[in-house]
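See below for the structure under consideration.
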Amino acid sequence: MLTRLFKPLFDLKAPFRSGVLWLIWGWLILLVLLPNLLVIGVSFLERDPQDFIRFSVTLDNYRRLFDPLYLGVFLRSLHMAVLATVLCLLIGYPFAWGVSRVTPRWRPLLMFLLIVPFWTNSLVRTYAIKVLLAGNGLINSFLIDVGLISQPVQLLYTEGAVIIGLIYVLLPFMILPLYSVFEQLREDLLAASADLGASRWRTFRHVVIPMTMPGVIAGCLLVLLPAMGMFYIADVLGGSRVLLVGNVIKSQFLDARDWPFGAAASVLLTVAMALLLLAYWQSVRRVRQQVAL
Amino acid sequence: MTDAATAKPSPQLSLRGLAKRFDGKAVLSDIQLDIHDGEFITLLGPSGCGKTTLLRMLAGFETPDEGSIRLDGADIVGLPPNHRPLNTVFQNYALFPHMTVFQNVAYGLRMERCPAAEIRTRVEQMLAMVQLSEFAARKPHQLSGGQQQRVAIARAVIKRPRVLLLDEPLSALDFKLRKTMQLELKRIQRELGITFVFVTHDQEEALSMSDRVVVLNQGQIEQLGTPREVYERPASLFVARFVGEANLLPGEIAGVADDGRVQVDVMGQRMLLRRPFFPATPGQKVKILLRPEDMRLGTADESGFPGRVLERSYKGSTLDAVVRLDAGPDILASEFFDEDYPDFDHRRGEPVTVTWVPSWEWLLPDADAPV
């Protein structure tokens, strides 16, 4: 296993390939492995007011995470992320299905439209949402003009605003994996199900849902995990009232200057992410897409 | 089976005036077909002839633009697939990859909301019939092509359909497995007594399995008949060429005898040939269809059409030869070994004469000839 992994690195007969592999390995080690090891290492150290960290090993940081205050933030953040994920799924699932069923000529255009917002920085786009939701923003003025309300409604700096922001930024990450599984969903499986006596609803339940489950799980992970860390959305749209785990981490590093505790919080987030990815890997293996012919 | 079936007063499936257009292009036009209970009927034709569209109409996946489909007298055109008592074996099997073999076969019964105990016994019976009992817990991707094929058949017939529709079910299998599955399908059909509507582009498969063959070309029925009729007495040049190897010699009607036989000028020789199925008129261009096994090769001094052996190939039970006739086309001759003449082989380049067994010829109007 290890020899197979490392042997191509020293294959002098294919210098380009080994060069590229060195580059990739170097990149991963320098920018992924080392920083993560540093974070994990720091999370077991003590805080120092002058030098940020003091080299004495402790589990205190992790113990503090289970303080009701932080546990509360974690649960609340999880709650919001789950809510945003479920809403993304409810919007993204029919959307991806629809796009995969229009004529192939239109599909690239529709997917292109989905990607276009990525060309603008998401922080900038978050401020744009603020313009919509503000007390004198577009939505409120519209509702007042139409006569539905007489006083501006508090939209900004609510949990709802944060969730709207999360959905807006993360929806494409839900749709892309769903679109890919829907595109692979063979029409003849749906035909076979109908042929065997299943109504549309039962075909959906017994064939479409299980067959698209890998996309559902992938999409949910791609939305849920970032959703818990997107501190700037909570900052811009939630004010100081709505905290995500990401805000805790950010404030520990930048405001409270408690690096070890911030590191412990991000390790917890990473571990949660890893567990979810493991669950995803398992479920994909169970729902094998390919039928060998 | 055919005789018993045709004796029945009314057909099980009756197609009348079926037509279908895609984007204004006619895929099927004016299809009239009666299918009888328990019959094995094959829709044969090249790709794009409309055979699969016809099958999909029977299953309910396509709606005809015109015409009716009656099953036991009742029009089923408006019924969705899940309400039709017909089941399909799909071309690539369309097994549900997330279900085991057992769950795949049980699917149709589950949709009928059959009691679990009954599902279990019936699925087990069905798996035993297709010899897959020990594979019940496997997923489709863990099976070989032939086994997947048998699961697809079991899954479709477990619902005891009135008619089983098979869409090129054997095309993904290799030659030997295809032969085995052909016999297997015939056995299943005999055991269950279900009507089979089988779609294929493989004429050999069509001839060896069917009670009747429907030859389709460009959305129309070219011929409907028993395999023997289609092979020996094709109704058109298309059928002659599509079904089996065909030698087609050019000829011109010189005269019609009192008994209906015709005088034909064939490549410079006048011959008296059997009565054509169409009204022949002197001067009319015709093609004389001869199957390779009808041909006889003789030495250069015998009478017949002179030619030279181009290719010679040993086929086990027969010796095949391609002969270039001096007066015209290349013909294929397939001769069986004769115990009395152990070395009747001809060398390449050897001059020979070609004849055929008298009255085994079949005349067709020459549709290719300029009128």
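The values are calculated or read from the model by the stated rules, or taken from the named source; none is laboratory data. Everything numeric here is computed off the predicted structure, so don't read it as measured data. Because the Cβ atoms are built from the backbone with ideal geometry, glycine has one as well, and the counts that use them run over all protein chains shown. Calculation scope for accessible area: heavy atoms of the full protein, side chains included, ligands and nucleic acids excluded. Shrake-Rupley method; radii C 1.70, N 1.55, O 1.52, S 1.80 Å.
Some points to look at:
- For the range B:73-104, taking the residues that are touching a Ser or Thr at 6+ places or on another chain (Cβ under 8 Å) and more than 9 Å from chain A (Cβ to nearest Cβ), the one that is farthest from B:Q220 (Cα to Cα) is identified as B:G73.
- Where helices (runs of 4 or more DSSP H) fall entirely within the range A:183-293, those with at least 1 residues that are away from every other protein chain (no Cβ under 14 Å) are at A:209-229, A:231-238, A:245-254, A:259-286.
- Condition check for A:I149: assigned to a helix (DSSP H, G or I), open to solvent by 10 Å² or more (accessible area, probe 1.4 Å), over 27 Å from A:V99 (Cβ atoms) and of a type outside the set (S, T, N, Q): no
- Looking only at the range B:40-51, residues that are buried (at least 21 other Cβ atoms within 10 Å of the Cβ) and out of contact with any Pro (no Cβ under 9 Å at 6 or more places or on another chain) come to 8 in all.
- Some residue of the range B:104-117 being free of Cβ contacts under 8 Å to residues at least 12 places away in the same chain and open to solvent by less than 30 Å² (accessible area, probe 1.4 Å): yes
- Residue satisfying all of: in the range B:161-177; closer than 23 Å to B:R56 by Cβ and out of contact with any strand residue (DSSP E or B) (no Cβ under 9 Å at 6 or more places or on another chain); surrounded by the fewest Cβ atoms within 10 Å (Cβ to Cβ) among these: B:A172
- Which numbered condition A:G98 misses (of (1) without any contact (Cβ under 8 Å) to a residue 12 or more places away in the chain; (2) open to solvent by 40 Å² or more (accessible area, probe 1.4 Å); (3) not aliphatic (A, V, I, L, M)): (2)
- Look at the range A:22-36: where a residue is more than 20 Å from A:D11 (Cα to Cα), no partner that is loosely packed, with under 11 Cβ neighbours inside 10 Å and at pLDDT 95 or above sits 6+ places away or on another chain with Cβ atoms under 7 Å.
- In the range A:46-66, of all residues being assigned to a strand (DSSP E or B) and closer than 22 Å to A:L269 by Cβ, the one that is least open to solvent (accessible area, probe 1.4 Å) corresponds to A:I53.
Results for (1) outside the structural domain of B:T42 (by TED's automatic domain parsing); (2) within 18 Å of B:D294 (Cα to Cα); (3) in contact with a strand residue (DSSP E or B) (Cβ under 7 Å, 6 or more places away or on another chain), shown as yes or no for each residue.
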| site | (1), (2), (3) |
| --- | --- |
| B:Q218 | no, no, no |
| B:E222 | no, no, yes |
| B:G225 | no, no, yes |
| B:V230 | no, yes, yes |
| B:G251 | yes, yes, yes |
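- Top-ranked residue in the range B:118-153 [being within 32 Å of the chain's Cα centre (by Cα), in contact (Cβ under 8 Å) with a residue 24 or more places away in the chain and part of a loop (DSSP other than H, G, I, E, B); ranked as nearest to the other protein chains (Cβ to nearest Cβ)]: B:L143
Quick grid of which residues meet (1) closer than 18 Å to B:W360 by Cα; (2) assigned to a loop (DSSP other than H, G, I, E, B):
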| residue | (1), (2) |
| --- | --- |
| B:A235 | yes, yes |
| B:G255 | no, no |
| B:V264 | yes, no |
| B:P276 | yes, yes |
| B:G298 | yes, no |
| B:S303 | yes, yes |
| B:G307 | no, no |
